[in-house]
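Enquirer: Structure incoming, see below.
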Amino acid sequence: MAGRISIEKLNPHPKNEHYFSDISGDRYEEIKRSIATYGVRDPLKVTTNFTVISGNQRLRIAKDIGLTNVPIEVIDPNENDDVKNGIVDAEEYVEYLLIADNRERRGEPESDPIKIARQMEFMARHWKIREGSAGKRSVIEGENCTPKKIVDLADEFDMSERTAKSLMRLNALIPEIQSLVSAGELGTTAASTLAGLTEDEQRALLTVRGAESIASTTVEQAKEISQVAKESRDTGVEFSEVVARLERELAKEKREKESLASRIEELETQEPQVIETVKETVPPDIERRLREIERERDELEASLVQSYDRIRQLERLERSVKHQQESPLYDIYRSITGANGHLKVFLESDRFAGDVIVNADRQLLDRLLSELRLAERLTNELIGGIEHESGITVIDVTEPNKLIEVV
């Protein structure tokens, strides 16, 4: 049924803002100019009680420019076959239309990760996709129903299955932390990791660290917090106490960085001519001592400059990680680089390494050997995956002059 109706009789859908952000900026002005010139050309889809399903933004703009009535198309959810057959109830069907129609009509994707996560959570429930059912049939019943999987949900939202799972975890965050993600202050990858905490643990984290500190959480820090939470559950130690200790350590590290930066700035402003002037007026033995002091100062200054450069690199990395999703391959790369460094230092002296191994506890050697074999197997699997997926060219270490093209 179609027709026109007074704007005053229409009600925005109560969950429209739950799933979608209001149109603003240039897009809002563009639609506003069009409606002011031509009116609302496409009817708003409404329920039989005049709740707007599709057209909440057009209704808002129509009110803003003073229109008194708009065209509508009335949708009776009770006439839908799935509702008649008891597959879904009328309210759920209307909510499904709200999400599906608005995603199709808006022309540009929702920018708030939390609202995308809410849309995906509803669609997963609507399609009766069980958590962790990737690659399996869903439990949806009915002759006319097509079984859905997690991969179907990812395709629907034009993203990878992994990204879909990561975004859906954001629904487990408490509202205060969700608001940080919506505002773009907390990255989705770090937020997805924090979503693994229980509600009580999230609130304890918020109490101890505060919203501002949580907003600056990197992926590495989120993983550390998640590990702390796991250890807290295993040991029975209050999570808030452990987080408070971690916060104190971070604050101490920050103070040390600031102190080091201040010392570097002080050295950079020193006049190099001062020592030269003193050297001309002191006895030979004092001059030798001055040369030693000068050398020590130069070494300290070089060390401080290197540390300052490292601090700058870390700060750039932290800012980068805050605004974009960090690939777990970076974590693997850093871990392997660190492990390789330890192994290289240990193995530089065959005699030293041999003595350590001979005198080591047998149980420790067995555990180390087991871990090394596991690392070797996992590393070979990862190498095979990289070579297969990226088609890179590798060098056979047994024949350095022979290139192997990986297809």
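The values are calculated or read from the model by the stated rules, or taken from the named source; none is laboratory data. The model shown is predicted, which means the values in this text are computed figures rather than measured ones. With ideal geometry, Cβ positions are generated from the backbone for all residues, glycine too; neighbour counts draw on all protein chains shown. Accessible surface is based on the protein model in full, side chains and every heavy atom, while ligands, DNA and RNA are left aside. Shrake-Rupley method; radii C 1.70, N 1.55, O 1.52, S 1.80 Å.
Enquirer: Can you tell me which residues in the range 22-33 are surrounded by 13 or more Cβ atoms within 10 Å (Cβ to Cβ), part of a helix (DSSP H, G or I) and either in contact (Cβ under 8 Å) with a residue 60 or more places away in the chain or of a type outside the set (D, E, K, R) (or both)?
Expert: Within the range 22-33, 27, 28, 31 qualify.
Enquirer: Looking only at residues in the range 222-272 that are open to solvent by 90 Å² or more (accessible area, probe 1.4 Å) and not in a helix (DSSP H, G or I), which one is farthest from residue 303 (Cα to Cα)?
Expert: Applying the filter and picking the extreme gives 238.
Enquirer: I'd like the full set of residues that are of a type in the set (D, E, K, R) and either touching a Phe, Trp or Tyr at 6+ places or on another chain (Cβ under 8 Å) or open to solvent by less than 30 Å² (accessible area, probe 1.4 Å) (or both), limited to the range 1-21.
Expert: If the condition is that a residue be of a type in the set (D, E, K, R) and either touching a Phe, Trp or Tyr at 6+ places or on another chain (Cβ under 8 Å) or open to solvent by less than 30 Å² (accessible area, probe 1.4 Å) (or both), then 9 is the only one that fits.
Enquirer: Here is a further query. Looking at the range 63-93 only, could you name the residues that are assigned to a helix (DSSP H, G or I), touching a residue at least 40 places away in the same chain (Cβ under 8 Å) and touching a helix residue (DSSP H, G or I) at 6+ places or on another chain (Cβ under 8 Å)?
Expert: If the condition is that a residue be assigned to a helix (DSSP H, G or I), touching a residue at least 40 places away in the same chain (Cβ under 8 Å) and touching a helix residue (DSSP H, G or I) at 6+ places or on another chain (Cβ under 8 Å), then 63, 82 are the ones that fit.
Enquirer: Does residue 211 count as open to solvent by less than 80 Å² (accessible area, probe 1.4 Å), in contact with a Phe, Trp or Tyr (Cβ under 8 Å, 6 or more places away or on another chain) and under 22 Å from residue 178 (Cβ atoms)?
Expert: In short, no.
Here's the yes/no breakdown for (1) open to solvent by 40 Å² or more (accessible area, probe 1.4 Å); (2) within 13 Å of residue 112 (Cβ to Cβ):
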residue	(1), (2)
158	yes, no
169	yes, no
181	no, yes
185	yes, yes
191	no, yes
194	no, no
200	yes, no
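Enquirer: Please work out if residue 142 is over 36 Å from the mean Cα position of the chain (by Cα), more than 29 Å from residue 182 (Cα to Cα) and modelled with pLDDT under 90.
Expert: yes
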